[in-house]
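Q: If you scroll down you'll find the structure; I have some questions about it.
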Amino acid sequence: MDFNENQLRERFLSINDDSQYHDLKQKNQRKKYNNVNSSDRSKTQTFQEDQNDDLVKYIKKLRQSFRSQRQEKGYSRENNADFINLGENFNENGLKQIEMQQDEQQILDGDQYNADQITNSQSYSYDSDYFKQDSSNFDQMMNLEGDVNLDELQGKFSYYASWSWPQFFEFFFYHIIYYIFGPFCIIIFYPFNKTYIYRNLGFNLGGDFSFIQFVLWITNLFITIAYIFIPKTSTFVEVFEVYNMWIMVVFRIFSISCKYAMLHPMTITLYKKKILTKEEKLKDFYLADWKKQTDQCLIEELFAAQKRNEVDLTMFSTSFFDEIHDNTYNKLQEIQQIQLESLQFCMISQEIIGNHSMKLVEQFSQLKANENQTLKKSQTFNGMVILHFLISQFNKNQKIYKTNYIVFLIGLMRSSIWYIYTLVYHPQKYLEMDLFVTVVGTSMTAFNFLLYVTIGLFLLNIIFDSHRIYYLMVQMLFLIKPKKDQNYIQTQKYLPTLNLTQNNNFKNWVQLRRLSIEYGKRFWKRGQANLSFMLLYSIYPAICLILYMLDVFHFCELEIWFMTFDFFITFISVAVCLYFSACINYSFVYHISNLEEIQIVFRNLQREDLLQQKQEPSNYLYRIILKNLREKTGNDEEAIQEYINNILESIDDSKNELQLLSDIEPFQCFGFTITFSMLKSGLIFLSSILTFSINFYLKTH
């Protein structure tokens with residue numbers, strides 16, 4: 001790094017200090033207020049310096065480097081020295097230099113200064129989202145009349161996680177047209193001014209990421225034509241395989257449409273009015289960012305969940321009863337520093353070059369105030385840090401979800417069935433080197449491999465999300481359970497129990513539990529929809545196999561092989577997801593029962609004979625809680641009674657909120673809440689039918 005760049009770096013780092021930063025921000029707000037009549041001025045630009053300023057160029061360069069590292073290597077703090085030192089180096093001289101440069105450009109007019117600008121600039125949330133009616137130009141805003149990019153919209157609506165059926169059916173229809181007409185569907189899209197959609201969805205030849213769709217379309221078309229127009233003895237293409245291919249194509253279309261059903265309507269409008277760049281299309285391509293689970297992805301999704309649930313981070317500090325282990329404590333501090341560095345980076349770069357894609361730091365600024373306390377090894381951490389730590393531990397221990405070995409193995413096994421069948425039952429076709437059979441077989445192999453790999457990715461993501469939420473529910477149980485639950489004795493407890501004598505901890509625990517489910521909601525809601533489809537598909541081959549064993553229908557050996565393979569793969573995947581869903585729904589009841597057990601402990605402590613006696617209780621739990629209460633109240637009996645009443649009231653509030661959440665936000669499939677009793681009934685019914693069918697088949701054959 002040369003001398004000039006060192007100076008720029010010092011200028012960049014110098015504005016990181018909170019007190020200096022807010023002073024600078026207020027000055028910029030006042031300058032911005034004086035320029036409100038400049039129509040050609042960008043609305044998002046805060047600094048009154050042009051784009052040729054060296055510091056602006058440096059921030060742009062740093063941001064570009066930061067984004068490249070996130071895309072290629074994940075969130076790596078070691079790869080960027082500027083990023084590591086952010087928040088650690090403060091330089092008053094650099095700050096004064098920036099202020100002097102700005103003062104030379106414009107003289108501040110104090111009479112025109114609006115004091116409200118300071119309040120707005122220091123707001124911890126987007127005040128424009130609350131209490132106000134829509135503006136008069138609402139239609140123009142929804143139609144994106146202006147220069148808007150996808151990154152800006154996704155940053156602004158990152159918390160959006162709602163399902164839209166009109167958007168789902170719209171994009172489902174687009175993809176159905178493509179898989180019928182292929183790239184030639186432009187003749188249908190063009191008259192209706194849908195050329196942007198045509199290109200953004202990768203329907204055009206040579207477009208970004210259009211290769212897989214084109215291969216699936218051409219192979220599916222070829223196999224369908226081979227079955228319809230060519231004698232069956234020449235093709236070895238069975239009717240089940242043709243039907244199954246189209247069902248799998250529909251599932252792929254269904255999964256893709258689920259993605260667009262979860263996007264904000266303004267983002268959908270952008271797809272229709274602008275050609276997206278390759279980088280914008282790569283965002284969320286086959287759940288790429290979500291599957292990697294980088295620290296930056298964790299931070300973005302955590303704060304999106306926080307905004308959806310209106311969690312105030314200044315009231316989200318959580319303390320523990322016992323001391324945290326050194327290794328765990330160091331990891332928590334490291335995660336807190338990662339969040340601070342990432343969010344402060346977004347704040348500074350936003351203020352200098354006017355980027356509104358990320359505003360998370362304004363919601364997390366309270367961590368800066370608590371940073372000095374954590375240096376004393378405090379047992380108190382913000383809930384966002386705790387949740388980040390628990391999710392990171394899950395990702396660390398469940399690396400199988402990040403690899404594609406299983407997905408490629410399933411695709412390879414499914415695609416090789418046709419070759420194995422032909423080799424076993426019709427080996428003469430290989431000996432004769434039948435070109436047509438070879439072409440058909442190669443097409444079916446390529447189609448099955450590509451399709452099952454993409455479907456496997458979606459199925460693996462459904463299991464991943466369900467497993468993560470179940471794991472977090474177990475860890476939430478450990479946080480309120482004084483003694484480790486015997487039902488989960490083989491599951492590691494990563495954090496001590498919360499301080500049960502702090503009534504705010506129960507309220508914070510409920511918020512923490514809510515965010516555990518809300519985390520990644522826009523992804524697992526898509527998974528729930530895919531799970532419903534796969535549940536239907538797993539029933540389809542099961543019914544065919546049962547009817548075959550009952551001699552109602554007859555299938556050839558190839559169709560039996562396909563149906564058996566599809567049934568076991570889909571049934572196992574769906575069964576695992578349904579099991580985790582039932583565990584998540586059961587956790588509501590189990591957590592409420594554990595809160596009631598804690599209430600019993602505190603009610604027993606209110607007994608007069610226990611409070612008045614000088615001897616300590618023999619039970620360790622009662623003894624340690626009572627000791628803690630006496631320290632807090634100065635061993636005042638009335639104060640202890642009042643303190644316990646407040647704790648009991650807080651627990652009641654937590655139970656009521658859990659009961660409400662279990663009623664309005666359970667895990668569902670086809671609109672039904674998945675429970676263990678429902679799974680047992682379904683499993684007994686299915687096993688009974690299969691047992692009867694197998695016995696009937698063995699007797700008759």
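Bear in mind these aren't lab numbers, they're just calculated from the coordinates by the rules spelled out. Since we're looking at a predicted model, the values are computed, not measured. No Cβ is skipped: glycine too gets one built from the backbone with ideal geometry, and neighbour counts run over all protein chains shown.
Q: Could you please report the charge total around Val510, scoring K, R as +1 and D, E as -1 over all other residues with beta-carbon less than 12 angstrom from its beta-carbon?
A: Net local charge, Val510 excluded: +1.
Q: Quick query: amide H of Thr673 versus all other amide H atoms, modeled in the peptide plane; which residues come in under 5 Å with a sequence gap of 5 or more or a different chain?
A: Under 5 Å from the amide H of Thr673 lies no amide H from a residue far enough along the sequence or on another chain.
Q: Then there is this: Among Cys297, Cys185, rank each residue by its count of other Cβ atoms within 10 Å, from fewest to most, as a rough exposure measure.
A: Lowest to highest Cβ neighbour count: Cys297, Cys185.
Q: Give me, ordered by chain and number, the residues 5 or more places off Asn382 or on other chains with an amide H under 5 Å from its own placed amide H.
A: Thr318
Q: Do the alpha carbons of any pairs in Lys132/Lys655; Lys273/Lys396; Lys292/Lys680; Lys194/Lys402; Lys273/Lys521; Lys399/Lys655 sit beyond 30 Å of each other, and which pairs?
A: Cα-Cα > 30 Å for Lys132/Lys655; Lys273/Lys396; Lys292/Lys680; Lys194/Lys402; Lys399/Lys655; rest within.
Q: If you don't mind, another one. How much length, in nm to one decimal, is gained on full extension between Ser416 and Leu205, taken as 0.36 nm per residue of separation minus their Cα-Cα distance?
A: Here the segment from Ser416 to Leu205 would lengthen by 73.1 nm.
Q: According to a simple spin-label model (label point 7 Å from Cα along Cα-to-Cβ), what is the distance in nm between Phe181 and Trp246?
A: 1.9 nm
Q: Short version: ³J(HN,Hα) in whole Hz for each residue of the range 177-182, in order, from phi by Karplus 6.51 cos²θ - 1.76 cosθ + 1.60 (θ = phi - 60°), x for Gly and Pro, what are they?
A: For the range 177-182, the Karplus-derived couplings read 4, 5, 6, 8, 9, x Hz, x marking Gly and Pro.
Q: To continue, here is another question. Can you check what the net charge comes to around Ala261, using other residues whose Cβ is under 13 Å from the Cβ of Ala261 (Lys, Arg +1; Asp, Glu -1)?
A: Charge balance in the 13 Å sphere: +3.
Q: If you add up the charges near Tyr519, with Lys and Arg at +1 and Asp and Glu at -1, over every other residue whose beta carbon is less than 13 angstrom from its beta carbon, what do you get?
A: That works out to +4.
Q: To continue, here is another question. Sort out for me the Cα centre separation of the range 186-218 from the range 663-679, rounded to whole Å.
A: Between the Cα centres of the range 186-218 and the range 663-679 lies a distance of 38 Å.
Q: Could you rank the peptides 644-651, 515-522 by their average count of other C-beta atoms within 10 Å per residue, with the highest value first?
A: Sorting 644-651, 515-522 by mean packing, highest first, produces 515-522, 644-651.
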